[in-house]
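S.K.: Quick one: the structure is below, questions incoming.
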Amino acid sequence: MALMQTFALTAVVLEFKMLAIALVQGRGRMSTGLFEIPEDAQLFHGKYTEQEAPIVDRASRAWRNDLENIPIFLILAGIYVAAGLSGRAFAWYCGIFTVMRILHTYTYIKGLQPWRTVVYTIGLFAMIAMMIHILIEVVFA
């Protein structure tokens, strides 16, 4: 698979994963009937609360963690593609990072430690490996 195809597939899968988190949040609100925003509580005939339901809170935290990691990965991946580096290595970086982000979301929502930390760390190592590859092949070349 060409670099741009791998990049596009990675970006799309990660976006679908984030969409799934949004669906978990919405389902959590609808199933509990608890809403942190008064007009949402009124619209959906629920109860206003100052604190989200636990499932919604966990999904929100997973979402925020994605926002701290996925954009950085995609920026680095864009640099990698622009530099035209190894397609095989890129497939590994993207595949590992994407699978680990999916597993991270699952383990975060389910509260599965130490697995959440393990999969986060593996995904982080994939990103660091790609960063080192970029430094060696682009910056220090």
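The numbers here are math on the coordinates, done by the rules we state, and not lab data. Please read these numbers as outputs of a predicted model, since none were measured by experiment. With ideal geometry, Cβ positions are generated from the backbone for all residues, glycine too; neighbour counts draw on all protein chains shown.
S.K.: When the C-alpha atoms of region 95-137 are aligned to their principal axes, what extent does each axis show, in angstrom, from largest down?
M.R.: Result, largest extent first: 39, 16, 9 Å.
S.K.: Identify which of 79, 37, 122 has the largest mean-square fluctuation in a Gaussian network model of the chain, with springs joining Cα atoms closer than 10 Å.
M.R.: Largest GNM mean-square fluctuation: 37.
S.K.: Step through the residues of region 133-139 one at a time and calculate ³J(HN,Hα) from phi using the Karplus curve (6.51 cos²θ - 1.76 cosθ + 1.60, θ = phi - 60°), rounding each to whole Hz and writing x for Gly and Pro.
M.R.: 4, 5, 4, 5, 7, 10, 6
S.K.: Take the Cα radius of gyration of region 3-139 and divide it by 2.2 N^0.38 Å, with N its residue count; two decimals is plenty.
M.R.: 1.25
S.K.: In square nanometres and to one decimal, what's the mean projected area of the convex hull around the Cα atoms of region 1-57?
M.R.: Over every viewing direction, the Cα hull of region 1-57 projects on average to 4.8 nm².
S.K.: Give a residue-ordered list of calculated ³J(HN,Hα) values for region 83-90 (Karplus: 6.51 cos²θ - 1.76 cosθ + 1.60, θ = phi - 60°; whole Hz; x for Gly, Pro).
M.R.: Per-residue couplings from phi come out as 7, x, 7, 4, x, 5, 4, 4 Hz.
S.K.: Taking amide H atoms as placed 1.01 Å from N in the peptide plane, list the residues 5 or more away in sequence, or in a different chain, whose amide H sits under 5 Å from that of residue 34.
M.R.: 47
S.K.: Continuing with the same structure: Scan region 1-80 for GluC sites (Glu not before Pro) in coil per DSSP, keeping those whose Cβ has at most 12 other Cβ atoms within 10 Å, and list them by number.
M.R.: 50
S.K.: Just grab the label-to-label distance for residue 15 and residue 27, each label 7 Å out from Cα along the Cβ direction, in nm (one decimal).
M.R.: 2.2 nm
S.K.: Next question. Starting from the Cα of residue 121, step 7 Å along the direction of its Cβ; do the same at residue 4; then give the gap between the two resulting points in nm.
M.R.: Inter-label distance under the simple model: 3.9 nm.
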